[in-house]
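Worksheet for the structure shown next.
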Amino acid sequence: MSCGRAAMSSRAPRRLCSAKTRYCFSSGYGSGIPRQLVVLKLWQVMDPFSPDAFLDRLSGGSYDWDDLRRLVRPAEHMEPSEILATVERPHASLRGLTELEQQVIADAKGVWNRALGERLKAEIRVRFAGPSRG
């Protein structure tokens, strides 16, 4: 099962994670919003997202650790197990797909049902807006 080629590429963090998205991931702000954004982005590029495959690939050791080590200062070296634990804990919510998210993922390689994508976009907008002030 594909985990989303774009999500696993070395450039994925820059492409998929705008400043607002990174804030959502790091702050715990609405744990479903980052998942929705990943599902929507990969649907837009017709690449279905599989959270299990994504997280399993990290813990399965098939990650290019040498590439990662080149990005980290030698004085800040971390063992792969530490990095994995740091990534997996706050991102466990990626596995909690809603019914709509599952439909969007199933559609990613299909006929590209625009209405599904629009429904997910609308949900994201409502969640980003937060409680109405009135």
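The values are calculated or read from the model by the stated rules, or taken from the named source; none is laboratory data. Please read these numbers as outputs of a predicted model, since none were measured by experiment. Neighbour counts run over all protein chains shown; Cβ positions are idealised from the backbone, glycine included.
Let me spell it out: the conditions are (1) outside any loop (DSSP other than H, G, I, E, B); (2) at pLDDT 85 or above; (3) out of contact with any Pro (no Cβ under 7 Å at 6 or more places or on another chain), and residue 49 meets all of them except one. Which number is the exception?
Answer for residue 49: the failing condition is (1).
Can you spot a residue in the range 102-115 that is in contact with a helix residue (DSSP H, G or I) (Cβ under 9 Å, 6 or more places away or on another chain), modelled with pLDDT under 90 and surrounded by fewer than 16 Cβ atoms within 10 Å (Cβ to Cβ)?
Scanning the range 102-115 turns up at least one residue that is in contact with a helix residue (DSSP H, G or I) (Cβ under 9 Å, 6 or more places away or on another chain), modelled with pLDDT under 90 and surrounded by fewer than 16 Cβ atoms within 10 Å (Cβ to Cβ).
With the condition kept exactly as written, say whether any residue in the range 82-93 is without any contact (Cβ under 8 Å) to a residue 40 or more places away in the chain, closer than 16 Å to residue 54 by Cβ, surrounded by 11 or more Cβ atoms within 10 Å (Cβ to Cβ) and of a type in the set (D, E, K, R).
Yes, the range 82-93 contains a residue that is without any contact (Cβ under 8 Å) to a residue 40 or more places away in the chain, closer than 16 Å to residue 54 by Cβ, surrounded by 11 or more Cβ atoms within 10 Å (Cβ to Cβ) and of a type in the set (D, E, K, R).
Hey, can you tell me all the residues within the range 43-82 that are polar (S, T, N, Q) and within 14 Å of the chain's Cα centre (by Cα)?
44, 50, listed by residue number.
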